[in-house]
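Below is one structure, written out as C-alpha cells, with a few remarks after it.
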Amino acid sequence: MLVVLIGVWEGAVDLFRIPVYLLPAPSAIWSDSVAIAGTVAGHTAATLHTVLVGFVVSFAISLPLAVLLTSSPYVSNALYPLIVLTQSIPKIALAPILIVILGANELPRIVITFLVAFFPLVIAIATGMLTVPPELIELGRSYKASRLQELYRIRLPYAVPFIFGGLKVAIALAVVGAVVAEFVNADKGLGYLIITATAFFQVPVAFGALILLSVMGIVLFQAVVIIERVFFPWSAVNQEAVIV
C-alpha cells in the first residue's frame, strides 16, 4: 500500500507538473536528503536525544506523582488542578519564557518535551492503580500487607497495562513536544532543519525531515510495544484481547 501511495504521489507530481516548492516528488525528497545525509543524521540524533531524555524524565516524575495522587483524596484534590494547569498553557507560548529562564540551550527543549508527554502518562498510571478490584486490596490487607507491599505487589502489577498504554501515548507526544521546542529555539534538530529548509525554499529537505520524524515516532512506539511483549507478555495479551 505504501509503495502504491508513493507511486501515485510521484506520478501526480509529474503529470500535473506541480512545482517542487509546493509539493516535491518522492524522488526529489530522497535525492536532496541523501545529498546532505551527514547533516540530516546529525539533526536526527539531536531530536532523538531530546525525545528520549524528555520521555525518561516524564516517566520518572509521573510514576511517583501518580502514587501520590492515589494515596489520598486530599492529595489528589490538591495536585490535580496543578497538573491540569500545566496542560492548559500552550507549549508554543511557554517555550520563549522557558528560554529566558533556563537559557538558550537544550534544557528548555527537554522541559517542553516533558510537559507534553507526562500528562497522559500520569493519568494512565493513576487510573490503573485506582481500578484495582477492592477484593485484591482486602486480600492483601488480610495478610497484613503494608502500604508499600500493597503498592508493589498489587497496585503496580495490576496497573502495568495502563502504564504501557500511557507510555505509548507519551512517546508519540514526546516527538511532537521536541519538534515544537525546536521550532522556537534550536540550532540543531529536525524541527530546526524544517524551519531553515523552508526559509531557503529547500522544500524537499523539509519533507525529508518530516518523514524522518514520522518514522522516528513509529519506531519509538513499536519499541515500547516490544518491551511490553518481552517483559510483560501477559499485559500485551490482555490489551489485544480488549481490542478484539
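The values are calculated or read from the model by the stated rules, or taken from the named source; none is laboratory data. What you see is a predicted model; the values in this text were computed from it and never measured. Neighbour counts are summed over all protein chains in view; Cβ atoms, including those assigned to glycine, are modelled from backbone coordinates with ideal geometry.
Some points to look at:
- Scanning the range 101-110 for residues that are surrounded by 11 or more Cβ atoms within 10 Å (Cβ to Cβ), part of a helix (DSSP H, G or I) and without any contact (Cβ under 8 Å) to a residue 24 or more places away in the chain returns 102, 107.
- Residue in the range 121-131 that is in contact with a Lys or Arg (Cβ under 9 Å, 6 or more places away or on another chain), within 19 Å of residue 46 (Cβ to Cβ), crowded, with 17+ Cβ neighbours inside 10 Å and of a type in the set (Gly, Ala, Ser) present: no
- Filter pass, residue 140 being surrounded by fewer than 22 Cβ atoms within 10 Å (Cβ to Cβ) and of a type in the set (Gly, Ala, Ser): yes
- Condition check for residue 98: touching a residue at least 12 places away in the same chain (Cβ under 8 Å), assigned to a helix (DSSP H, G or I) and over 19 Å from the mean Cα position of the chain (by Cα): yes
- Residues within the range 148-186 that are in contact (Cβ under 8 Å) with a residue 60 or more places away in the chain and farther than 17 Å from residue 220 by Cβ, tallied: 8
- The set of residues in the range 71-95 that are more than 30 Å from residue 150 (Cβ to Cβ) and either among the small types (Gly, Ala, Ser) or surrounded by 12 or more Cβ atoms within 10 Å (Cβ to Cβ) (or both) comprises 88, 91, 92, 93, 94, 95.
- Scanning the range 101-148 for residues that are over 21 Å from the mean Cα position of the chain (by Cα) and of a type in the set (A, V, I, L, M) yields 101, 102, 104, 129, 130, 132, 136, 137, 139, 145, 148.
- Test: residue in the range 41-53 that is within 30 Å of residue 147 (Cα to Cα) and either in contact (Cβ under 8 Å) with a residue 24 or more places away in the chain or not acidic (Asp, Glu) (or both): no
- Residue that is farthest from the chain's Cα centre (by Cα) [pool: residues in the range 16-30 that are of a type in the set (Val, Ile, Thr) and part of a loop (DSSP other than H, G, I, E, B)]: 18
- So residue 118, is it crowded, with 22+ Cβ neighbours inside 10 Å, assigned to a helix (DSSP H, G or I) and of a type in the set (Phe, Trp, Tyr): yes
- Only one of the numbered conditions (1) touching a Leu at 6+ places or on another chain (Cβ under 7 Å); (2) over 22 Å from residue 220 (Cα atoms); (3) of a type in the set (Val, Ile, Thr) is violated by residue 8, and that is (1).
- The combined condition, being over 30 Å from residue 132 (Cα atoms), of a type in the set (Gly, Ala, Ser) and in contact with a helix residue (DSSP H, G or I) (Cβ under 9 Å, 6 or more places away or on another chain), is not fulfilled by residue 71.
- Scanning the range 205-244 for residues that are at pLDDT below 90 and of a type in the set (Val, Ile, Thr) turns up 237, 242, 243, 244.
- Any hit, the range 214-227, residues being surrounded by 15 or more Cβ atoms within 10 Å (Cβ to Cβ), touching a Ser or Thr at 6+ places or on another chain (Cβ under 8 Å), part of a helix (DSSP H, G or I) and aliphatic (A, V, I, L, M): yes
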